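Structure record follows, encoded as structure tokens.
Every number in this text was worked out from the coordinates using simple rules, so none of it is lab data. Quick caveat: nothing in here was measured; it's all calculated off a predicted structure. Heads up, the Cβs are rebuilt from the backbone with ideal geometry, glycines too, and the neighbour counts pull from every protein chain shown.
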Amino acid sequence: MANLKEIRNRISSVGSTMQITSAMKMVSAAKLKKAQDAITAMRPYSEKLTELLQNLSATLDSDTGSKYSDQREVKKVLVVAITSNRGLAGAFNSNVVKEAKQLAAQTYAGKQVDFMTLGKKGNDILKKSGTIYQNNNGIFDDLSFEATADIAEKLMELFANGSYDKIIIVYNHFKNAATQLVMKEQFLPILPPETSETSTSSADYIFEPSKEAIVEGLIPKSLKTQLFKALRDSVASEHGARMTAMHKATDNATELRDALKLQYNKARQAAITNEILEIVGGAEALAG
């Protein structure tokens, strides 16, 4: 009977876990819809703004180019790792951390590589294996363009004053609820546009007040938008990853509960059979 009690306790424990994982799945599903709509609406604007900026920057003379386009020898690199403040999202955080470590250990081996972490989970891991320049967990408490702009301006300042020669953003790109792709984007210096033989991007524009003034005005806005898009992508990916992880956890708990119930029924049947045998044996002994 002690064994039966232990199995009953395990069934109860698994049932409680199922309730938690199922509730977390529904919460993430509700949040995912809003986050997905936000990033889907923002992507076309962000991509077009980046394309316009690159095309305009490519037409500037090298001596009049922006300070944010300065291609210099890479000695110091800042990796901006965007994770989340909470776990229970499968490999969502570990994939970003793994990519950030790979950049430091392989891609930029021999260089000074520091990390800026946006999210508690990434900071908890990366601070053990590298230098954390800055950590900002509160950005996800109330994600807004204004808060993102402050971080982007700090990154632009770090590049412009020579503190870092290259700044890379690592984050999860939202593809769908079940798929998130780890992306690494060069934030600074600004990359020139990709040219090809079939490219038809050259167009006759009239610039007012001037091409240089327009580019200088677009660059800060484009960089802030790029970082904001990465953060929104990460938020949508987090909810999708957590919803998928909790769905799998609920399914696994259901299978475990069913297996425990079968085990309990077998043990209970065996116990009843033993009791019947004992009663029959006792009756036969008295009759003899």
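For this structure, a couple of remarks:
- Over 32 Å between alpha carbons, listed pairs LYS48/LYS248; LYS34/LYS120; LYS154/LYS175; LYS121/LYS154: LYS48/LYS248
- Cα-based Kirkwood hydrodynamic radius, the chain, one decimal, Å: 22.7 Å
- Placing +1 on each Lys and Arg Cβ and -1 on each Asp and Glu Cβ, with no other charges, gives segment 76-126 a dipole about its Cα centre of roughly 20 debye.
- Label point at ASP141 placed 7 Å out along Cα→Cβ; residues across segment 94-125 whose backbone nitrogen lies under 14 Å: 119-120
- P(r) for segment 207-248, from all Cα pairs and a bin width of 5 Å, is 5, 20, 14, 13, 11, 9, 9, 7, 6, 4, 3, 1 %, short bins first.
- Listed peptides 35-42, 111-118, 270-277 appear in the order 111-118, 35-42, 270-277 once ranked by packing, highest mean of other Cβ atoms within 10 Å at the front.
- Computed packing ranks the peptides 89-102, 4-17 as 89-102, 4-17, most packed first, by mean other Cβ atoms within 10 Å.
- Candidate cross-link partners of LYS261 among the lysines, defined by an alpha-carbon separation under 16 Å and a same-chain spacing of 8 or more, comprise LYS5.
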